[in-house]
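Peer 1: Take this structure, written in structure tokens, and hold onto it; I'll ask about it next.
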Amino acid sequence: MTENKQTVSLEKQTFHLVVGPASFRLVEGGPVEVIGKALTTKETTRVPEGKKMPLEVKGAAKIELSLDGAGKIEPLEARTIPASWDKIVDEIIKRKAKLISILGDVDVGKTFFSTYLSNRLLANGRKAAVLDADIGQSDVGPPGTLGLAMLHEPVLFLSQAVPSDIYYVGAHSPNLHFLQTMSGTKRLIERAFQRGADHLIWNTPGWVAGDGGRDLRKSELEMMWPDAVILMQRKGEVEHLVRTFPHDRVIRLEVSKQASPTSADVRRKLREAISVDYFKNRRLLVLPFDQIKTDRAFILTGQQVETKDVRTLYAERLPLWEGLQVVVKEPLTAADVDKLKKEHNVFRVKQVLAGSEKGAEVGLCDDNLDCLALGIVQRIDLEGKYIECWTPLPVGKEDKVKVVQFGSLRLAFDGREAGFVEPGYL
Amino acid sequence: MTYKETDYPELLREIHRLGQEAKKPVPAEDLMTEVLRLQDAIPVYPGIISMCLRNLFEEVSVKDLQPGDRVSWAVDGGRIYGTVKEVQADGNVSLSDATLLTQSKEKKVKGPAEKFFRLRQDVLKKTWPSLVFEE
Ligand SMILES: Nc1ncnc2c1ncn2[C@@H]1O[C@H](COP(=O)(O)OP(=O)(O)O)[C@@H](O)[C@H]1O
Ligand SMILES: [Mg+2]
């Protein structure tokens, strides 16, 4: 990797774009504004690969700039933030809009606008909070979670804001996880206002078309009924989402010319980097069965029973027609399954391969179902009766963990992505 | 009418479409094995499984065949499929686990000693009668 450090003089009333990977720091002069925040000489800003930052130089300034790989700085003709955006900020303050939903396709600048709006609200003395519901391109909290951050100072990246609450959805896409997405969104919206937010900026994922996209976005609007919906679109492509929503609550926003696509590859890299960073201070935590309850999984929700089958390590009778859940060393044959059905008088035998729980990501929650941290299952010991998992949960909080929520993601113990767990498998 | 919450209906249609395509004679077992392999790999993205199925087959010429490849092709009145064992210099291919399916408009055959398996025409009625509606 080539790195190239330089001091650059910027003339007043000029605009520049820093394209990552790069980092910069204000050395003298200014003010220099980035996404509605004034830079200070104390902080260095890192722009990762796939991200860019527009600088608005209001007074002549010197910045120290380091460029890696494809990183660069280029002059811009004009501000990248359309003037209409500022009018919208004023409008939101005037209307006292509490819940503000940001809707739009991927890569139209939803995160960018959310950041700008937060910073502008803060500058106006308002208590702003952000709910990041983009579980695939998380800004607040690790991937797979909804994240709430109460903002105390302007930020350049929402990821710099410390989450006050996270909710584990358990996937990088709401597809097959509609209900968790909805309940989590509802919980965190309520939490934001309990915590005293004047405005909550609800940044939604860019899944806005097709059956699933329409269904989820529209049901969410019905359920949360935001005071303002900011529609970010180029040519009316998301109008279909608000056809039945009160039109006086819909605000249409011009997409910046600088909004540009991020490839699936870069998305995965960005997501994985956040996950690896999240788990970097991990330790192995042992959770005895009598301390916790499992959630969103069948395992440990029935009555343990003995079986005659020698390959079955563990069996439990699930409620009603759900039948028998067995943990096996190797897949049972159809004949073995038939025997088990007869032995236990059930119609269904659900098999889980021993060891397949390894790497399953989990949410560790307290008795109020608030997520304390994420974990990565090392193993579920059915004889020793405990779950062992890797987690960055702070020392001293282990007794608070009462619920282990399962999802569909599988990770290596360092947080890298390693595949999926089929919903309902465990 | 309302929206579908999953992409599975589309996936089923894609599987059916592949099985029906005359130009790509696909053995049903191979097709289902591949669908399940994808389902195990990405169980949360049925829509992407459908997309993969659209790319499941590639046309290759004899010289590009490798031992172990699963191949199939249409022959007059039927289909052949199997696993490539060896490609000979003269372009002939020897297959293992080869199946030759031929179709005839009419055929007289001796019945099995034991029983036939008959495809049930009324399986929904048999399984869940309250979901069967008058025409
Ligand atoms: N007004 C803007 N000025 C400069 N860059 C922008 C602006 N809006 C978006 N971008 C850039 O476009 C890319 C996509 O924007 P992002 O906010 O991540 O989109 P979304 O959250 O809708 O997927 C990002 O690199 C972002 O920095
Ligand atoms: Mg975003």
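The values are calculated or read from the model by the stated rules, or taken from the named source; none is laboratory data. Values in this document were obtained by computation on a predicted structure and should not be read as measured data. Counting neighbours? That spans all protein chains shown, and the Cβs are built from the backbone with ideal geometry, glycine included.
Peer 1: Could we say that A:I274 is within 16 Å of ligand 1 (Cβ to nearest atom), among the β-branched types (V, I, T) and more than 14 Å from chain B (Cβ to nearest Cβ) here? Can you show your working first?
Peer 2: Numbers: within 16 Å of ligand 1 (Cβ to nearest atom): yes; among the β-branched types (V, I, T): yes; more than 14 Å from chain B (Cβ to nearest Cβ): yes.
For A:I274, the condition - within 16 Å of ligand 1 (Cβ to nearest atom), among the β-branched types (V, I, T) and more than 14 Å from chain B (Cβ to nearest Cβ) - is met.
Peer 1: Further, regarding this structure: Within the set of pairs 6+ apart or on separate chains, which have a first residue in segment B:124-135 that is without any contact (Cβ under 8 Å) to a residue 40 or more places away in the chain, a second that is surrounded by 10 or more Cβ atoms within 10 Å (Cβ to Cβ) and in a loop (DSSP other than H, G, I, E, B), and C-beta atoms under 6 Å apart?
Peer 2: Partner pairs satisfying both residue conditions: B:L124/B:V132; B:K125/B:V132.
Peer 1: Of all strands (runs of 3 or more DSSP E) completely enclosed by segment A:292-343, which ones contain at least 3 residues that are of a type outside the set (K, R) and either touching a Phe, Trp or Tyr at 6+ places or on another chain (Cβ under 8 Å) or under 15 Å from A:L426 (Cα atoms) (or both)?
Peer 2: A:312-317, A:324-328
Peer 1: Looking only at segment A:51-66, how many residues end up being part of a loop (DSSP other than H, G, I, E, B) and either without any contact (Cβ under 8 Å) to a residue 24 or more places away in the chain or aliphatic (A, V, I, L, M) (or both)?
Peer 2: Selection size over segment A:51-66: 1.
Peer 1: Moving on to the next point. Quick check on segment A:68-126: of everything there that is within 16 Å of ligand 2 (Cβ to nearest atom) and acidic (D, E), which residue is nearest to the other protein chains (Cβ to nearest Cβ)?
Peer 2: Among residues in segment A:68-126 that are within 16 Å of ligand 2 (Cβ to nearest atom) and acidic (D, E), the one nearest to the other protein chains (Cβ to nearest Cβ) is A:D105.
Peer 1: Follow-up. Specify which of the listed residues (A:S183, A:S173) is surrounded by fewer than 23 Cβ atoms within 10 Å (Cβ to Cβ) and away from chain B (no Cβ under 14 Å).
Peer 2: After ruling out the rest, the residue left standing is A:S183.
Peer 1: Tell me which of these A:A192 doesn't satisfy, since it passes every other one: (1) buried (at least 24 other Cβ atoms within 10 Å of the Cβ); (2) within 13 Å of the chain's Cα centre (by Cα); (3) more than 14 Å from chain B (Cβ to nearest Cβ).
Peer 2: Looking at each condition in turn, A:A192 falls short on (2).
Peer 1: Specify the residue that is surrounded by the fewest Cβ atoms within 10 Å (Cβ to Cβ); the eligible residues are those in segment A:34-66 that are within 12 Å of ligand 1 (Cβ to nearest atom) and farther than 21 Å from A:L270 by Cβ.
Peer 2: Taking the candidates together, the pick is A:E56.
Peer 1: Select, from B:E29, B:E58, B:E86, B:E21, the only residue that is surrounded by fewer than 16 Cβ atoms within 10 Å (Cβ to Cβ), modelled with pLDDT of 85 or more, acidic (D, E) and within 17 Å of the chain's Cα centre (by Cα). Step through it out loud before you land on a result.
Peer 2: Numbers: B:E29 fails: modelled with pLDDT of 85 or more; B:E86 fails: within 17 Å of the chain's Cα centre (by Cα); B:E21 fails: modelled with pLDDT of 85 or more.
Residue meeting the stated conditions: B:E58.
Peer 1: Continuing with this model, one more query. Take the residues of segment A:96-132 that are more than 10 Å from ligand 1 (Cβ to nearest atom) and among the basic types (K, R): which is surrounded by the fewest Cβ atoms within 10 Å (Cβ to Cβ)?
Peer 2: Once the filter is applied, the top-ranked residue is A:K96.
Peer 1: Here's another thing I want to ask about it. List pairs: first residue in segment A:136-165 and within 14 Å of another protein chain (Cβ to nearest Cβ), second residue away from ligand 1 (no atom under 16 Å from the Cβ) and outside any loop (DSSP other than H, G, I, E, B) anywhere in the structure, Cβ distance under 7 angstrom, at least six positions apart or on different chains.
Peer 2: Note: pairs meeting the criteria are A:P143/A:S275; A:G144/A:Y168; A:G144/A:E361; A:G144/A:G407; A:G144/A:L409.
Peer 1: Does A:S256 count as surrounded by 15 or more Cβ atoms within 10 Å (Cβ to Cβ) and assigned to a loop (DSSP other than H, G, I, E, B)?
Peer 2: Criteria met by A:S256.
Peer 1: Working only within segment A:241-256, note down all residues that are among the aliphatic types (A, V, I, L, M) and more than 16 Å from ligand 2 (Cβ to nearest atom).
Peer 2: Within segment A:241-256, A:L241, A:V242, A:V250, A:I251 meet the criteria.
Peer 1: Among the candidates A:V27, A:V19, which residue alone is at negative phi, of a type outside the set (D, E) and within 13 Å of ligand 1 (Cβ to nearest atom)?
Peer 2: Values: A:V27 fails: within 13 Å of ligand 1 (Cβ to nearest atom).
Answer to the selection: A:V19.
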